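No value in this document is a laboratory result; all are computed from the given coordinates. Since this is a predicted model, take the numbers as computed values, not measurements. Cβ placement follows ideal geometry from the backbone for every residue including glycine, while neighbour counts extend to all protein chains displayed.
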Amino acid sequence: MQREQWNSRTGFILAAVGSAIGLGNIWRFPYMAYENGGGAFFIPYLFAMLSAGIPFMIMEFSLGHKYRGAAPKVFAKLGQSIGLRLEWLGWFQVFIAAVIAVYYVAIIGWAMSYLVFSVTQSWGADTNEFFFKSYLQLGDNSPTKLGDFQFHIALPMTLAWAITSLAVYSGVKAGIERASKIMMPLLFIMVLLLIGRIIMLPGALEGLDYLFRPDFSKILDAKVWSAAYGQIFFTLSVGFAIMIAYSSYLPEKSDINNNAFMTVLINCGFSILGGIMIFAVLGYMAAEQSKPITEVVTSGVGLAFVTIPAAINLLPIPYILGPLFFLALVVAGLSSHISIIEAVVSAVIDKVNISRKKAALLVCGLGYVTSLAFSTNGGLLLLDLVDYFINNVALLTSCLIELLIMGWLFKLANVREYVNHCSEFNVGQWLVICLRFISPVMLAGILFKNLINTIQNGYGDYPVADQLFLGWGLIAVMLFCAIFIGLVSNLHLPEERKP
Ligand code: PHE
Ligand code: NA
């Protein structure tokens, strides 16, 4: 059967950008930049983008384009050309995607609830109490003591799954591409509208000043560089099967270099918009409460569901700006969720040769049931723990293994030749140098530091048994299953494209 294809180049780029732009651009990047030298952070960040982000994106686009398969098929085929069995690496990445998919959707569900609350600001004055107690109903729980099922959280999650599964079920063109063409322009417009209004508020510019004021002393700090590299891999969704799956639907004639540059630049540009939006709000909030901005800066879940609602309480036209913010969060999240699910679905289609519709129903059905674990009293704790281990250990390990294989066991010069053949402008020898030396060294450093730190200190205050079971244990099981499936299988290997 003919592999599905994107309808247009814009469609592909919007889908790839839709995957890359996610919650991380809105609630992770601004804080990282602020914490790590403000304006001076842009130097390591740009360096990481050029030396790791763009090369990695070019490499993954070339893999999908050339071998026309999801990650397991791509690595199986690649392995075949160098006499190694590598399918397991693809499955490891697919499992990472699958795990992320089941908790990511919970956050989208919360954002949907808050979209509704924001119309009337029903979160009241104490937004902290409201989020943790009234909404999540978090009590004396732990990641393994989840408490009761929470119907009011499961409901929006169900809606999020419905949208994702509809997009993936409908196919590359009619589902994913069409959804991206609506969602991405909408997201940009919403964020620009928000910025346009918020920037005029008193204090907003001071907020931006905090974000962008360069602290050049930080540039010599290795931590800042490792933060920049860590953020680049996460923000671009590379290294866990997503971009490989998306690029496997590229038509024969596709400008790989150009597409990769566009995807990376649009994502990183959007991060700066995210930073402006968040810090303008925080600056205004600090001014209204006459607090220093350092007291209101937060990131992650606390930023989106505690600080921002409190800021919205203070905003003019809160019933418009509030829903705009949460709708932006929902759209950014959904377009990423669609891509993670597609990474899994496309791998299943390759492997068991069932139709897309069946594979989509199977994956979404299983994912849905699993994700209900997060609509419980302790769902947040489970999410937090699993997310830490997946991001800091599994994801970086997978990126590093992929880089080492590509850089040291495979001839990267072939990748360069391949992409240049497909593209209007050529990339130089720097591609090889970045992928072979710079990126793996940086990644290995970050991973090593994370491993030591996690082994010594664990994560948070969670019970050690929970960390062994849901952190290390989960990763071990994923690795074991990946190796098992990869070794017992014999994937039907496709014809590769000749340059
Ligand atoms: N790139 C996304 C972001 O910046 C992260 C992500 C994408 C996570 C897809 C999971 C799945 O938020
Ligand atoms: Na991103």
Computed [θ] at 222 nm, deg cm²/dmol, the chain (DSSP H ≥ 4; -39,500 (n - 2.57); rounded to nearest 500)
-20500 deg cm²/dmol
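In square nanometres, what is the average projected area of the Cα convex hull of segment 15-115? Numbers along the way, then the final one.
Working: hull surface 34.2 nm².
Projected over every direction and averaged, the Cα hull of segment 15-115 covers 8.5 nm².
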Label Ile82 and Lys133 with points 7 Å out from Cα along Cα→Cβ: what is the distance between them in nm?
5.7 nm
Electrostatic dipole magnitude of segment 337-415 [Cβ: Lys, Arg +1; Asp, Glu -1; Cα centre; debye, to 20]
380 debye
Of the candidates Met183, Pro323, Gly460, the farthest towards the positive dipole end of segment 9-487 (Lys/Arg Cβ +1, Asp/Glu Cβ -1, centred on the Cα centre) is Met183
Computed ³J(HN,Hα) along segment 471-482: with the Karplus parameters 6.51/-1.76/1.60, θ = phi - 60°, integer Hz and x for glycine or proline, the list is x, 4, x, 4, 5, 4, 5, 4, 5, 4, 4, 4
Would you please put 34-40, 185-191, 409-415 in order of how densely packed they are, using the mean number of other Cβ atoms within 10 angstrom per residue and starting with the highest?
34-40, 185-191, 409-415
Segment Cys481-Lys253, length gained on full extension (0.36 nm per residue, minus Cα span):
78.5 nm
If you look at just the Cα atoms of segment 111-216, how large are its Rg and its Dmax in Å?
19.3, 50
Using 7 Å Cα-to-Cβ label points, what is the Glu288/Ala413 separation (nm, one decimal)?
6.2 nm
Determine, from the Cβ-Cβ distance of Val464 and Leu404 and an R0 of 41 Å, the FRET efficiency 1/(1 + (r/R0)^6), rounded to the nearest 0.05.
0.85
Using θ = phi - 60° and Karplus 6.51 cos²θ - 1.76 cosθ + 1.60, couplings along segment 288-301 (whole Hz; Gly, Pro as x):
4, 9, 6, 10, x, 4, 4, 7, 9, 6, 9, 9, x, 4
What distance in nm separates the simple spin-label points at Gln456 and His421, each placed 7 Å from Cα in the Cβ direction?
4.9 nm
Stretch Arg9-Phe437 to full length: gain in nm at 0.36 nm per residue minus the Cα-Cα span?
150.9 nm
What percent of all Cα-Cα pairs in the chain falls in each 10 Å bin, counting up from 0?
4, 20, 31, 28, 13, 3, 0
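Note down the relative contact order for the chain as a percent, whole number, built from C-alpha pairs under 8 angstrom at least six residues apart.
The normalised contact order for the chain reaches 35 percent.
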FRET efficiency estimate (nearest 0.05) - Cβ-Cβ, Ser122 to Lys145, R0 25 angstrom:
0.30
Cβ-based exposure ranking for Val345, Val224, in which fewest neighbours within 10 Å come first
Val224, Val345
For Ile100, Ile256, what's the fewest-to-most ordering of other Cβ within 10 Å of each Cβ?
Ile100, Ile256
No solvent, one uniform scatterer per C-alpha: report log10 I(q)/I(0) for segment 325-402 via the Debye equation at q = 0.17 1/Å, two decimals.
-0.96
Any idea how far the Cα center of segment 388-409 sits from the one of segment 449-485, in Å?
15 Å
Would you mind putting 338-344, 42-48 in packing order, based on average other-beta-carbon counts within 10 Å, highest first?
338-344, 42-48
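Would you mind checking Lys218/Lys291; Lys223/Lys253; Lys181/Lys351; Lys145/Lys223 for any pair whose Cα atoms are more than 32 angstrom apart?
Lys223/Lys253; Lys145/Lys223
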